[in-house]
Structure formats: C-alpha cells, structure tokens
Amino acid sequence: MIFKILSILIFVFLCFQTEGFTQSINSIKKEKEKSEKQISYLNKLLNEAMKNKSASTEKVNILQQKVLQSKKLLSSLNEEVKYIQHHISINESRIEELQKNKHSMLDLYAKLVYGNWKKRNKADKLMFIFSSADFNQAYNRYKYFQQIQDYSQRQLELIHQVNDSLNQKNQDLKRLVSQKDSTLREIGERNKELEQEQRNESRYISELQKKEKEIRKKLQLEMQNRQKLSKELNRLITKQIKASGSSSSTYKLTPEEKLVSDDFSKNRGRLPWPVAEGFVSEKFGVHAHPIHKRVEVVNDGINITTSRNADVRSVFKGVISEVWYQKELNYVIIIRHGNYLTAYSNLVDVVVQKGQKVNTKDKLGKVAYDPDKGSVLNFQVRKDIEILNPELWLAK
C-alpha cells in the first residue's frame, strides 16, 4: 500500500513538473516563432526596397523594425535557455536528494535484513520460525521476513525508477540547452549582420538628413494633407450624425446598427489587421519624426507598411459610408460599424462603393505605392467624432 501511494505521488509530481515546463516553453516558443516570421517578412520587404538604390524612409523604417524584432528573438532564446537551465538545476537537486535517501534506506535495510539474516543459515531461519509458541506466531514471523524482503525490493525499484526518470529528463534538458546554445551562436552571427544593417541605416539617415530642407518641405505638405483629411473625416461624420436624426454628437442607431456597434466594441484588441502582412511604421498620436528628431508629427491613426500591391481588407462587418479621392492621399474609404467607424487612406484599385455592406476581411482595394515610402496604409478608428488609437483594437 505504501509503495502504491509513493508511486502515485512521484508520478503526479513528475507529470506536474513536465506540464508546467511544457506550457512555459511553448509560450516562449510562440514569441520566438512570431519574431522569426516577422523577420522573414521584413527581409522580403527590404529586398524589394533595395531595388531603389537611393536612401529612402522605407528602408530606414524596415531596418529599424528588423533590429527590434531581432532583439525580441534573441530575448526569447535567452529566456528559453535560462528556463531550461533552471529546470536542470532543480532536477539535479532532486537526484542528489533521492540518492541520499536511497543510501540511508540501503543502510537501514542492511542493518535490518542482512545484519540479522546473514548471521543465520537456512536451518537457523527455520528454527526461528518453528520455535514460535503457536502456528499464528510462526506464520506472522514468516510473513514478517517476507514483507521486509518485498518492501526492500520495492523501495529500491521505486528509487531506481525515479532516478532513471530524472536522469533521463536531465539528459533531455541538456540536449535542449545544447540546441539553444547553438541557436544563440547563430543569432550572434545574425547580430553581426544586423550591426551592418544598422550601419546602413545610419548611412541612409545621414543621406536623408543632408536633404533636410527638401524633406522638411515634404513633411510640412504631408502634415497639411493629414489635417485636410482629419477635417474632411470630421465633416463627413458630423453630416452622418445629423442625417441619422440625432440632435447630439452621437450617431442615432437603428436596432441592427446597435448590434453591430456592440459586437465591434466587444472585439477590442481582436480585430484582424487591414492588410494580411505588415508592421506599424508610424504610431498613433504626437511623436518625433524617426529621422529628424526635432520635427514633431501628428497621426490620427497608424501607418502600416506592407507589401507592394497588398490588398486592403475591412477589419469588421459594416456599411461603406464614404468613398472619395484625395489627390495627395489617393482613395479614402470610411466604413460604419454602428457608432464606430474605420477609415482607410492611400488606396488604389478600389472595388467597393458607398452604401455597400461588407463583412470582415472583405477586399476594399489595394495599397498605393510610393518610391520613397513604399506601400503604406493609414488606418484610423473612431467612435463618432472621438479619435481612438487603432493599435488597441487590432489583434497582437
């Protein structure tokens, strides 16, 4: 009975340790795979951008993002190695503890079994049993010796079983550490490449800074275009609110629109991206320009750099409420999702029209391409006239 209880406890302990280890390693591996996938995609974008031999904002953005993702990847690998080594130490301590217990038990068994039984021959053992006062006592003496022998054997088997299990786990973990060390060496080599890319980035920035007057002029024009877009969005949204019959700054919803609005709200942080692949090359709000740090830029949404000719998709079901062409921003589309609206700027080859219903991931058009910036989509989220940070709504 004791043997069974100990076996169950050790089995549960080993399973619990393995399960916890697996869950944590899987979490780290997911982050690592995510970074690897992003780096692979950025390499593809960079190869495309390199066709343009001159320095460009696109190249700088891609290189900066690649450096960031590579650091995340290295961090994940270091965490994985650290975690594995921690569990190796735990297992080694367990092995040492079990070995001490095993030696103590062997000493006890030696005194209890060998210390008594080796002093007797077979006849002595029988004499000890047959010298009992009655049959019950003789039977109990016989069973006593038998139980000691069985118990001793079972305990030794149990210790060997646990010892073997932990040794095997240590060997597995050490192999993993060896693999990760190898990967870290590979990442070290990749970091050397990144250092070269960082030097390229610095060179591109220096070249662009030499054109400061020209770039400042372009930035000024871009900020004006963004303000123009913001005013137009506000005008159109206000017009829609009035058309809904509302006397306030809130759009008056129909029962169907109320359901869509509630669904949109529940999906905060889970909406699909408006492009299949890409990265945020300019964040929401007021911030310094990535090249000219003394220049302040304002973005009512986020800029997403993506592949050339990438499709733009609706992030949620709704109704196309506006489609118009603005020379500096190409096509702009607004989709209403109840009280919420999403805006997509810098589109070409638009395939939807005003009043059309769309579902999640329905194609709207393609991202326009610019030789200096690449393929960049401006994406905005609003609740009536309130401007929201799109990154908080998109899936991570």
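Summary of computed values
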{"read-out": "Hits in region 246-300 - residues which are farther than 24 Å from Thr360 by Cβ, over 31 Å from the mean Cα position of the chain (by Cα) and in contact (Cβ under 8 Å) with a residue 40 or more places away in the chain", "value": "Ser249, Thr250, His292, Val295"}
{"read-out": "Per-region count, region 197-225, residues farther than 17 Å from Asp370 by Cα and acidic (Asp, Glu)", "value": "4"}
{"read-out": "Filter pass, Val286 being assigned by TED's automatic domain parsing to the domain that holds Asn339, hydrophobic (A, V, I, L, M, F, W, C) and touching a His at 6+ places or on another chain (Cβ under 9 Å)", "value": "no"}
{"read-out": "Long-range neighbours under 6 Å by Cβ, at least six apart or interchain, first residue farther than 9 Å from Val312 by Cβ and assigned by TED's automatic domain parsing to the domain that holds Ala310 within region 343-371, second polar (S, T, N, Q) and part of a loop (DSSP other than H, G, I, E, B)", "value": "Val358/Ser314; Asp362/Ser314; Pro371/Asn52"}
{"read-out": "Residue under evaluation Arg226, criteria (1) assigned to a strand (DSSP E or B); (2) not assigned by TED's automatic domain parsing to the domain that holds Ala368, criterion not met", "value": "(1)"}
{"read-out": "Spans of strands (runs of 3 or more DSSP E) in region 259-362 with at least 2 residues crowded, with 18+ Cβ neighbours inside 10 Å and modelled with pLDDT of 95 or more", "value": "302-306, 311-313, 318-326, 330-337, 340-348"}
{"read-out": "Failed condition for Asp300, given (1) farther than 16 Å from Glu222 by Cα; (2) touching a Ser or Thr at 6+ places or on another chain (Cβ under 7 Å); (3) not aromatic (Phe, Trp, Tyr)", "value": "(1)"}
{"read-out": "Candidates Leu68, Leu46, filtered to the one that is within 28 Å of Leu184 (Cα to Cα), assigned to a helix (DSSP H, G or I), within 21 Å of the chain's Cα centre (by Cα) and modelled with pLDDT of 80 or more", "value": "Leu68"}
{"read-out": "Tabulated pairs, region 381-393, first within 19 Å of Arg235 (Cβ to Cβ), second modelled with pLDDT of 95 or more and of a type in the set (D, E, K, R), C-beta under 8 angstrom, 6+ apart or interchain", "value": "Ile387/Asp300; Leu388/Arg382"}
{"read-out": "Scan of region 254-312 for residues that are of a type in the set (A, V, I, L, M) and farther than 27 Å from Asn47 by Cβ, ordered by number", "value": "Leu259, Val260, Leu271, Val286, Ala288, Val295, Val297, Val298"}
{"read-out": "Region 236-258: number of residues that are basic (Lys, Arg) and either surrounded by 17 or more Cβ atoms within 10 Å (Cβ to Cβ) or closer than 10 Å to Asn339 by Cα (or both)", "value": "2"}
{"read-out": "Lone qualifier among Lys169, Lys180 - being within 28 Å of the chain's Cα centre (by Cα), of a type in the set (Lys, Arg) and modelled with pLDDT under 75", "value": "Lys169"}
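The values are calculated or read from the model by the stated rules, or taken from the named source; none is laboratory data. These numbers come from a predicted model, not from an experiment. We place every Cβ from the backbone using ideal geometry, glycine too, and count neighbours over all the protein chains shown.
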